[in-house]
Amino acid sequence: MTKLIRVLAATAVLPGAALAVAALLANTWADRLPDPLATHWNGDANGSTALGVFVSVCLALGAAVIALLATTALTALRRGRPLPRVTIGIGAGFAAMPSAVLLSVLVANLDVPDWHAARGGAVIVLFLLGAAVLGAAAAFLGGLPSPVPETRGDRPSVGLRPGQRAFWSGRAENPAMLWALLLVPLAIALQPAGLPWPTVIWFALVGVVVTALTYRLKATVDAKGVTIRFGLFGFPWRHLPLSRIREATTRELATFRDGGLGLRFNPVTGTTAYKVRGGPALALALESGRTVLVSVDDPETAAGLVNDLLARHVTRID
(Lines give C-alpha, C1' and ligand atoms only; values in the text may rest on other atoms or scores of the structure.)
Protein backbone atom coordinates (compact mmCIF):
# COMPACT_ATOMS: atom_id res chain seq x y z
CA MET A 1 0.00 0.00 0.00
CA THR A 2 1.52 3.33 -1.08
CA LYS A 3 1.89 6.29 1.27
CA LEU A 4 -0.69 8.25 -0.73
CA ILE A 5 -3.32 5.52 -0.39
CA ARG A 6 -2.61 5.13 3.32
CA VAL A 7 -2.95 8.84 4.00
CA LEU A 8 -6.14 9.13 1.94
CA ALA A 9 -7.65 6.09 3.64
CA ALA A 10 -6.88 7.50 7.10
CA THR A 11 -7.91 11.13 6.54
CA ALA A 12 -10.72 10.85 3.99
CA VAL A 13 -12.07 7.30 3.66
CA LEU A 14 -12.50 6.42 7.35
CA PRO A 15 -14.12 9.68 8.57
CA GLY A 16 -15.95 9.94 5.23
CA ALA A 17 -17.45 6.49 5.74
CA ALA A 18 -18.69 7.52 9.19
CA LEU A 19 -20.27 10.63 7.69
CA ALA A 20 -21.90 8.59 4.91
CA VAL A 21 -23.39 6.16 7.45
CA ALA A 22 -24.78 9.09 9.46
CA ALA A 23 -26.33 10.60 6.32
CA LEU A 24 -27.85 7.28 5.28
CA LEU A 25 -29.38 6.68 8.70
CA ALA A 26 -30.74 10.24 8.85
CA ASN A 27 -32.50 9.64 5.54
CA THR A 28 -33.73 6.14 6.48
CA TRP A 29 -35.07 7.26 9.86
CA ALA A 30 -36.66 10.50 8.63
CA ASP A 31 -40.21 9.17 9.11
CA ARG A 32 -39.41 7.95 12.63
CA LEU A 33 -38.00 11.23 13.91
CA PRO A 34 -39.86 14.23 15.33
CA ASP A 35 -39.44 17.62 13.70
CA PRO A 36 -37.93 19.54 15.39
CA LEU A 37 -35.33 17.34 17.12
CA ALA A 38 -34.22 17.60 20.72
CA THR A 39 -30.63 18.86 20.43
CA HIS A 40 -29.87 20.06 23.94
CA TRP A 41 -30.16 18.34 27.29
CA ASN A 42 -29.90 19.55 30.85
CA GLY A 43 -31.14 16.43 32.55
CA ASP A 44 -34.24 16.38 30.35
CA ALA A 45 -34.44 17.64 26.78
CA ASN A 46 -34.70 21.45 26.89
CA GLY A 47 -33.70 22.64 23.43
CA SER A 48 -34.64 21.80 19.85
CA THR A 49 -33.60 22.40 16.22
CA ALA A 50 -35.40 21.74 12.97
CA LEU A 51 -34.61 18.26 11.64
CA GLY A 52 -33.45 19.39 8.19
CA VAL A 53 -31.32 22.21 9.57
CA PHE A 54 -29.56 20.07 12.16
CA VAL A 55 -28.81 17.23 9.73
CA SER A 56 -27.58 19.63 7.05
CA VAL A 57 -25.29 21.52 9.43
CA CYS A 58 -23.73 18.33 10.82
CA LEU A 59 -23.14 16.87 7.35
CA ALA A 60 -21.74 20.12 5.97
CA LEU A 61 -19.44 20.60 8.95
CA GLY A 62 -18.24 17.01 8.75
CA ALA A 63 -17.51 17.29 5.03
CA ALA A 64 -15.60 20.55 5.52
CA VAL A 65 -13.42 19.14 8.31
CA ILE A 66 -12.67 15.96 6.32
CA ALA A 67 -11.70 18.01 3.26
CA LEU A 68 -9.44 20.25 5.36
CA LEU A 69 -7.80 17.27 7.09
CA ALA A 70 -7.18 15.36 3.85
CA THR A 71 -5.86 18.44 2.04
CA THR A 72 -3.49 19.30 4.88
CA ALA A 73 -2.19 15.73 5.12
CA LEU A 74 -1.65 15.43 1.37
CA THR A 75 0.17 18.76 1.29
CA ALA A 76 2.47 17.63 4.09
CA LEU A 77 3.09 14.32 2.29
CA ARG A 78 3.92 16.08 -0.98
CA ARG A 79 6.40 18.38 0.78
CA GLY A 80 8.10 15.50 2.53
CA ARG A 81 6.98 16.49 6.02
CA PRO A 82 6.34 13.88 8.71
CA LEU A 83 2.83 12.67 9.52
CA PRO A 84 3.07 11.38 13.09
CA ARG A 85 0.44 8.88 14.19
CA VAL A 86 -0.71 11.20 16.98
CA THR A 87 -1.45 13.95 14.46
CA ILE A 88 -3.35 11.67 12.08
CA GLY A 89 -5.29 10.05 14.91
CA ILE A 90 -6.40 13.31 16.51
CA GLY A 91 -7.29 14.79 13.12
CA ALA A 92 -9.37 11.80 12.03
CA GLY A 93 -11.10 11.57 15.40
CA PHE A 94 -11.97 15.27 15.25
CA ALA A 95 -13.24 14.88 11.68
CA ALA A 96 -15.57 12.09 12.88
CA MET A 97 -17.07 14.26 15.64
CA PRO A 98 -19.90 15.76 13.53
CA SER A 99 -20.97 12.24 12.56
CA ALA A 100 -20.88 11.14 16.20
CA VAL A 101 -22.97 14.12 17.30
CA LEU A 102 -25.50 13.60 14.51
CA LEU A 103 -25.91 9.88 15.21
CA SER A 104 -26.26 10.39 18.96
CA VAL A 105 -29.02 12.99 18.46
CA LEU A 106 -30.84 10.78 15.96
CA VAL A 107 -30.76 7.78 18.31
CA ALA A 108 -31.99 9.89 21.25
CA ASN A 109 -34.96 11.14 19.18
CA LEU A 110 -35.83 7.92 17.38
CA ASP A 111 -39.51 6.85 17.65
CA VAL A 112 -40.53 9.48 20.21
CA PRO A 113 -43.79 11.44 19.76
CA ASP A 114 -42.08 14.85 20.01
CA TRP A 115 -38.74 16.31 21.00
CA HIS A 116 -39.82 16.84 24.64
CA ALA A 117 -39.93 13.05 25.05
CA ALA A 118 -36.44 12.45 23.65
CA ARG A 119 -34.23 10.04 25.57
CA GLY A 120 -31.19 11.26 27.53
CA GLY A 121 -28.27 12.71 25.60
CA ALA A 122 -25.71 10.56 27.43
CA VAL A 123 -25.72 8.22 24.42
CA ILE A 124 -23.29 10.67 22.80
CA VAL A 125 -20.55 9.19 24.99
CA LEU A 126 -20.77 5.91 23.06
CA PHE A 127 -20.49 7.64 19.70
CA LEU A 128 -17.60 9.79 20.89
CA LEU A 129 -15.82 6.60 21.93
CA GLY A 130 -16.50 5.33 18.42
CA ALA A 131 -14.87 8.47 17.00
CA ALA A 132 -11.86 7.82 19.24
CA VAL A 133 -11.60 4.23 17.97
CA LEU A 134 -11.81 5.52 14.40
CA GLY A 135 -9.00 7.98 15.19
CA ALA A 136 -6.84 5.17 16.58
CA ALA A 137 -7.41 3.09 13.43
CA ALA A 138 -6.54 6.09 11.25
CA ALA A 139 -3.37 6.71 13.27
CA PHE A 140 -2.23 3.13 12.73
CA LEU A 141 -3.11 3.21 9.04
CA GLY A 142 -1.97 6.64 7.92
CA GLY A 143 0.74 7.70 10.35
CA LEU A 144 4.10 8.00 8.62
CA PRO A 145 7.39 8.22 10.55
CA SER A 146 9.55 11.28 10.30
CA PRO A 147 12.40 11.04 7.80
CA VAL A 148 15.68 10.08 9.47
CA PRO A 149 17.98 13.11 9.40
CA GLU A 150 21.42 12.85 7.91
CA THR A 151 24.25 12.37 10.38
CA ARG A 152 26.35 15.49 10.81
CA GLY A 153 30.07 15.32 10.20
CA ASP A 154 30.93 17.78 13.00
CA ARG A 155 29.24 16.02 15.88
CA PRO A 156 30.34 17.15 19.37
CA SER A 157 32.81 14.91 21.19
CA VAL A 158 34.52 14.83 24.59
CA GLY A 159 37.37 12.62 23.38
CA LEU A 160 36.36 9.50 25.30
CA ARG A 161 39.14 6.93 24.84
CA PRO A 162 38.64 3.17 24.43
CA GLY A 163 38.02 1.49 27.77
CA GLN A 164 37.18 4.72 29.58
CA ARG A 165 33.94 5.11 31.44
CA ALA A 166 32.21 8.42 31.91
CA PHE A 167 29.11 9.86 33.50
CA TRP A 168 27.51 13.27 33.00
CA SER A 169 24.78 14.93 34.99
CA GLY A 170 23.24 18.30 34.27
CA ARG A 171 20.26 20.26 35.49
CA ALA A 172 18.41 23.50 34.99
CA GLU A 173 16.01 25.43 37.18
CA ASN A 174 13.58 28.28 36.73
CA PRO A 175 13.60 30.28 40.00
CA ALA A 176 10.93 32.61 38.62
CA MET A 177 8.43 29.77 38.88
CA LEU A 178 9.20 29.40 42.59
CA TRP A 179 8.81 33.13 43.12
CA ALA A 180 5.42 32.84 41.45
CA LEU A 181 4.29 30.72 44.40
CA LEU A 182 4.41 33.87 46.54
CA LEU A 183 1.42 35.07 44.56
CA VAL A 184 -0.72 32.23 45.95
CA PRO A 185 -1.18 33.76 49.46
CA LEU A 186 -1.77 37.13 47.85
CA ALA A 187 -4.45 35.68 45.59
CA ILE A 188 -6.13 34.05 48.60
CA ALA A 189 -6.04 37.31 50.56
CA LEU A 190 -7.57 39.20 47.64
CA GLN A 191 -10.12 36.58 46.70
CA PRO A 192 -13.26 37.99 45.05
CA ALA A 193 -16.25 38.32 47.31
CA GLY A 194 -18.46 35.26 47.21
CA LEU A 195 -15.80 32.89 45.87
CA PRO A 196 -15.99 29.69 47.96
CA TRP A 197 -12.93 28.89 50.03
CA PRO A 198 -12.70 25.30 48.72
CA THR A 199 -12.38 26.73 45.20
CA VAL A 200 -9.63 29.12 46.27
CA ILE A 201 -7.71 26.35 48.03
CA TRP A 202 -8.11 24.08 45.02
CA PHE A 203 -6.60 26.69 42.69
CA ALA A 204 -3.74 27.22 45.13
CA LEU A 205 -2.98 23.50 45.30
CA VAL A 206 -3.01 23.19 41.53
CA GLY A 207 -0.50 26.06 41.28
CA VAL A 208 1.79 24.45 43.84
CA VAL A 209 1.69 21.03 42.19
CA VAL A 210 2.31 22.39 38.68
CA THR A 211 5.27 24.42 39.91
CA ALA A 212 6.74 21.49 41.84
CA LEU A 213 6.48 19.26 38.78
CA THR A 214 7.99 21.64 36.25
CA TYR A 215 10.37 24.17 37.79
CA ARG A 216 13.41 21.83 37.83
CA LEU A 217 14.87 19.49 35.19
CA LYS A 218 17.71 16.99 35.49
CA ALA A 219 19.35 14.78 32.87
CA THR A 220 22.08 12.14 33.08
CA VAL A 221 24.19 10.39 30.44
CA ASP A 222 26.02 7.10 30.92
CA ALA A 223 26.67 3.89 29.01
CA LYS A 224 23.01 2.89 29.43
CA GLY A 225 21.66 5.98 27.68
CA VAL A 226 20.06 9.31 28.58
CA THR A 227 17.66 9.72 31.51
CA ILE A 228 15.47 12.82 31.92
CA ARG A 229 13.72 13.69 35.18
CA PHE A 230 11.28 16.55 35.75
CA GLY A 231 10.37 18.42 38.91
CA LEU A 232 11.12 18.06 42.61
CA PHE A 233 10.14 14.39 42.62
CA GLY A 234 11.85 13.36 39.38
CA PHE A 235 8.52 12.72 37.69
CA PRO A 236 7.62 12.57 34.87
CA TRP A 237 10.79 10.83 33.76
CA ARG A 238 12.00 9.25 30.56
CA HIS A 239 14.91 6.95 29.66
CA LEU A 240 16.33 6.79 26.14
CA PRO A 241 18.73 3.85 25.57
CA LEU A 242 21.66 4.47 23.25
CA SER A 243 20.18 2.02 20.75
CA ARG A 244 17.36 4.51 20.08
CA ILE A 245 19.62 7.55 19.62
CA ARG A 246 21.18 8.45 16.26
CA GLU A 247 23.24 11.45 17.30
CA ALA A 248 23.38 14.29 19.81
CA THR A 249 23.84 18.00 19.18
CA THR A 250 22.94 21.26 20.92
CA ARG A 251 20.33 23.87 20.14
CA GLU A 252 19.22 27.27 21.40
CA LEU A 253 15.62 27.35 22.62
CA ALA A 254 13.45 30.43 23.02
CA THR A 255 11.58 30.62 26.32
CA PHE A 256 8.06 30.97 24.96
CA ARG A 257 8.45 29.43 21.51
CA ASP A 258 7.21 25.91 20.72
CA GLY A 259 4.40 26.09 23.26
CA GLY A 260 6.28 27.61 26.20
CA LEU A 261 7.64 25.84 29.26
CA GLY A 262 7.01 22.32 30.52
CA LEU A 263 6.71 19.03 28.67
CA ARG A 264 5.81 19.92 25.08
CA PHE A 265 5.08 17.75 22.07
CA ASN A 266 4.79 19.04 18.52
CA PRO A 267 2.60 16.57 16.57
CA VAL A 268 3.65 18.09 13.23
CA THR A 269 7.43 17.78 13.61
CA GLY A 270 7.44 14.93 16.11
CA THR A 271 9.62 16.95 18.49
CA THR A 272 9.33 16.50 22.25
CA ALA A 273 10.75 19.30 24.41
CA TYR A 274 11.53 19.20 28.13
CA LYS A 275 11.83 22.89 28.98
CA VAL A 276 12.15 24.88 32.17
CA ARG A 277 13.84 27.88 30.54
CA GLY A 278 15.14 29.24 27.26
CA GLY A 279 18.77 28.99 26.20
CA PRO A 280 21.09 26.08 25.34
CA ALA A 281 19.61 22.61 25.20
CA LEU A 282 20.63 19.06 24.44
CA ALA A 283 19.14 17.84 21.14
CA LEU A 284 18.81 14.07 20.64
CA ALA A 285 18.02 12.85 17.12
CA LEU A 286 16.36 9.44 17.45
CA GLU A 287 16.52 6.54 15.02
CA SER A 288 12.76 6.95 14.48
CA GLY A 289 13.33 10.41 13.01
CA ARG A 290 11.93 12.22 16.04
CA THR A 291 13.84 14.75 18.15
CA VAL A 292 14.03 15.17 21.92
CA LEU A 293 15.11 18.54 23.34
CA VAL A 294 16.27 18.96 26.95
CA SER A 295 16.97 22.42 28.37
CA VAL A 296 19.92 21.69 30.70
CA ASP A 297 23.16 23.48 31.51
CA ASP A 298 26.33 22.40 29.70
CA PRO A 299 24.56 20.48 26.91
CA GLU A 300 27.79 20.45 24.82
CA THR A 301 29.46 17.99 27.19
CA ALA A 302 26.35 15.81 27.29
CA ALA A 303 26.11 15.74 23.49
CA GLY A 304 29.80 14.91 23.15
CA LEU A 305 29.60 12.04 25.61
CA VAL A 306 26.49 10.61 23.91
CA ASN A 307 28.23 10.71 20.51
CA ASP A 308 31.40 9.09 21.86
CA LEU A 309 29.39 6.31 23.48
CA LEU A 310 27.48 5.78 20.23
CA ALA A 311 30.76 5.59 18.33
CA ARG A 312 31.90 2.78 20.64
CA HIS A 313 28.51 1.04 20.28
CA VAL A 314 28.27 0.77 24.07
CA THR A 315 24.71 -0.05 25.09
CA ARG A 316 25.22 -1.53 28.57
CA ILE A 317 27.62 -1.67 31.51
CA ASP A 318 29.09 -5.11 32.23
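The values are calculated or read from the model by the stated rules, or taken from the named source; none is laboratory data. This structure is a prediction, so every number in the text was calculated from the model and none was measured. Glycine gets a Cβ as well: all are built from the backbone with ideal geometry, and neighbour counts include every protein chain shown.
Overview of results
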item	result
Answer residue from the stretch 248-271, given it is among the small types (Gly, Ala, Ser) and touching a helix residue (DSSP H, G or I) at 6+ places or on another chain (Cβ under 7 Å) and is modelled with the lowest pLDDT among those	Gly262
Looking only at the stretch 1-13, and only at residues there that are aliphatic (A, V, I, L, M) and surrounded by fewer than 22 Cβ atoms within 10 Å (Cβ to Cβ), the one that is farthest from Pro82 (Cα to Cα)	Val13
Ala285 vs. criteria touching a helix residue (DSSP H, G or I) at 6+ places or on another chain (Cβ under 6 Å) and either in contact (Cβ under 8 Å) with a residue 24 or more places away in the chain or not assigned by TED's automatic domain parsing to the domain that holds Arg85 (or both)	no
Members of the stretch 14-36 found to be touching a residue at least 40 places away in the same chain (Cβ under 8 Å), under 19 Å from Leu134 (Cα atoms) and surrounded by fewer than 15 Cβ atoms within 10 Å (Cβ to Cβ), listed by number	Val21
Hey, Ala22 touching a Leu at 6+ places or on another chain (Cβ under 9 Å), within 16 Å of Leu102 (Cα to Cα) and assigned to a helix (DSSP H, G or I) or not	yes
Residue list for the stretch 264-281, restricted to those being out of contact with any Asp or Glu (no Cβ under 9 Å at 6 or more places or on another chain) and more than 16 Å from Val86 (Cα to Cα)	Tyr274
Positions within the stretch 40-59 being touching a Ser or Thr at 6+ places or on another chain (Cβ under 7 Å) and either crowded, with 21+ Cβ neighbours inside 10 Å or not assigned by TED's automatic domain parsing to the domain that holds Leu103 (or both), in sequence order	Phe54
Any hit, the stretch 83-91, residues being under 30 Å from Arg251 (Cα atoms), modelled with pLDDT under 90, in contact with a strand residue (DSSP E or B) (Cβ under 6 Å, 6 or more places away or on another chain) and assigned by TED's automatic domain parsing to the domain that holds Cys58	yes
Residue within the stretch 83-90 that is surrounded by fewer than 21 Cβ atoms within 10 Å (Cβ to Cβ), assigned to a helix (DSSP H, G or I) and small (Gly, Ala, Ser) present	no
